[in-house]
Amino acid sequence: MKKVLAILCFTLTLSLAFPVAAASDLPKAHPFYDEINYLINRDVLRGYPDGTMRPDVGVTRAEAVIMIGRLKGFDSKQRATNFSDVPASHQASGYIAAAATAKLINGYPDGTYRPNNTITRAEMTFILSRLFVVPFRAGVSFTDISPNMPVYEPIQQILAANITIGYPDKTFRPNEKVTRGQFSAFLARGLEARFKNDATISQSYLRDKTKSYVYNTEYGTERHVYNYVPTRYGLEMGFVWSIYHDDGSLLTDTLELETHETYTFGLPYSESYMELMYPVKVGQAWYTDTEYSAPRVITKTKVTVKTAYQTFTNAVEVTVAPNPKFQEKGHVYYMVERFGEVKSVDFDGTVTKELIAIE
């Protein structure tokens, strides 16, 4: 048994201890090329001594924890752990012990960690949901995920954080194995705004998180900036859209997220509103039977809308019915793929919001 453990530890050492500047098996055409190189440059991910990265090989539970340990700056010194199959002699024991203490990982009911098992999407989701602060939860409607599953809430978190969007067939596939490249992509999206742009559905209405959006509104000029905010008013925040007045003062922080069913705009730790429901088609309606918001309906598609920024020819018109209970006079707003809401107009013709610049 000791000999087997020694071989496993040696193999792990080879696979994780040597950084590679340009892996021979990582072409620029690889879908996770940028994410992998981003993590290499941060010394979170390392390659093999033969000059390969093996991005399409499964990532083990030990390898995943070592990457997280490097990211968090954990002490890598080998030491005893509380897992029966991770002795102090194991190459990853220091990181595993530290990650367990930080409550980033859990073992199995039998007291094992199973470090050499390939990590699953569900196991990865638990780790990422503990690693990154997410002040919001997204609605989950994957066909293979139900609210009674332990992974349900962690999936809500990484959906809201634009770390994943699931598969086009609306499955999440929690038991599917994760490759080194896939794990790198998920980790990079949690760390860097530009990689979050990749976690979108086709025909997405989410805005580019690397740019600032400027609007004229009924309350003055607003600048929306996607940034990392550690805390605000004593609450952990993470990545949010911060809205600033023209004078630079903060108005509020907001969140924008999307699933295969809805585009939602909300406030951290507070309420949210569905701005669009999918599929986008005339007659699609929501908030028709709730006391929390005025009813909304898609009244036109492929609309031409002129804004100070540019004229759009593919806007979706959403009509909000008058409703005294919500002090709603009635208005229409226009949504455009990759731009979100570009204009809002009251029934009396007053423009209450208009995109004027993207920087």
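Where a number appears in this text, it was derived from the coordinates with a stated rule and is not lab data. These figures come from a predicted structure and were not determined experimentally. Cβ: placed from backbone, ideal geometry, glycine included. Neighbour counts: every protein chain shown.
Could you please state, rounded to a whole Å, how far the C-alpha centre of the range 215-235 is from the C-alpha centre of the range 34-67?
What the calculation gives is 35 Å, centre to centre.
Under 5 Å between amide H atoms, partner at least 5 residues away or on a different chain: which partners does T254 have, H built in plane at 1.01 Å?
W241, S242, I243
Enumerate the amide H contacts of T179 below 5 Å, restricted to partners 5 or more residues apart or on another chain; note that Pro and chain-start residues carry no placed amide H.
V59
Going by average Cβ density within 10 Å per residue, which order do the peptides 287-296, 57-66 take, highest to lowest?
Result, highest mean first: 57-66, 287-296.
Which of rounded, prolate or oblate describes the range 153-243 when judged by the alpha-carbon gyration tensor and an a/c cut-off of 1.5?
The shape class here is prolate.
Which ³J(HN,Hα) values in Hz, rounded to whole numbers, follow from the phi angles of the range 320-334 under the Karplus curve 6.51 cos²θ - 1.76 cosθ + 1.60, where θ = phi - 60° and Gly and Pro get x?
So the J values, rounded to whole Hz, are 9, 6, x, 7, x, 4, 9, 6, 9, 7, x, 7, 10, 9, 10.
Could you sort out which of K302/K325; K103/K211; K170/K300 sit more than 28 Å apart by Cα distance in this structure?
Exceeds cut-off: K302/K325; K103/K211.
Relative contact order of the range 101-244: what whole-number percent is it, with Cα pairs under 8 angstrom and at least 6 residues apart?
20
What are the ³J(HN,Hα) couplings of the range 276-288, residue after residue, when phi is run through the Karplus curve with 6.51, -1.76, 1.60 and θ = phi - 60°? Round to Hz, x for glycine and proline.
Karplus-based 3J(HN,Hα) across the range 276-288 equals 7, 10, 9, x, 6, 7, 4, x, 4, 10, 8, 6, 8 Hz.
Distances over 18 Å make up what percent of all Cα-Cα pairs in the range 262-359?
The proportion of pairs with Cα distances above 18 Å equals 47 percent.
Under the rule of at least 5 residues apart or a separate chain, name every residue whose amide H is placed under 5 Å from the amide H of G330.
N323
Could you state the angle between the C-alpha long axis of helix 61-72 and the longest principal axis of the C-alpha atoms of the chain, as a value from 0 to 90 degrees rounded to the nearest 10?
The answer is roughly 70 degrees.
Pairs of Cα atoms under 8 Å, at least six residues apart: use those to get the relative contact order of the chain, whole percent.
In percent, rounded to a whole number, it is 11.
In a GNM of the chain with a 10 Å cut-off on Cα contacts, which of D246, D56, D144 has the highest mean-square fluctuation?
Among D246, D56, D144, the largest GNM mean-square fluctuation belongs to D144.
With an 8 Å cut-off on Cα pairs and a minimum separation of 6 or more residues, tell me the relative contact order of the range 212-358 in percent.
Over the range 212-358, the number comes to 17 percent.
Could you please rank K196, K343, K209, K28, placing first whichever residue has the fewest other Cβ atoms within 10 Å of its Cβ?
Ordered from fewest to most neighbouring Cβ atoms within 10 Å, K196, K343, K209, K28 come out as K28, K209, K196, K343.
Quick one, which of [x] 1.13; [y] 0.93; [z] 1.09 is the actual Cα Rg over 2.2 N^0.38 Å calculated for this model?
[x]
When the helices in the chain are scored as -39500 (n - 2.57) per DSSP H run of 4 or longer and the sum is shared across all residues, what 222 nm value do you end up with, to the nearest 500 deg cm²/dmol?
The helix contribution divided over the chain gives -6500 deg cm²/dmol.
Go ahead and set up a Gaussian network model of the chain, Cα springs under 10 Å, then flag whichever of L276, L251, L187 fluctuates most.
Between L276, L251, L187, it is L251 that shows the largest mean-square fluctuation.
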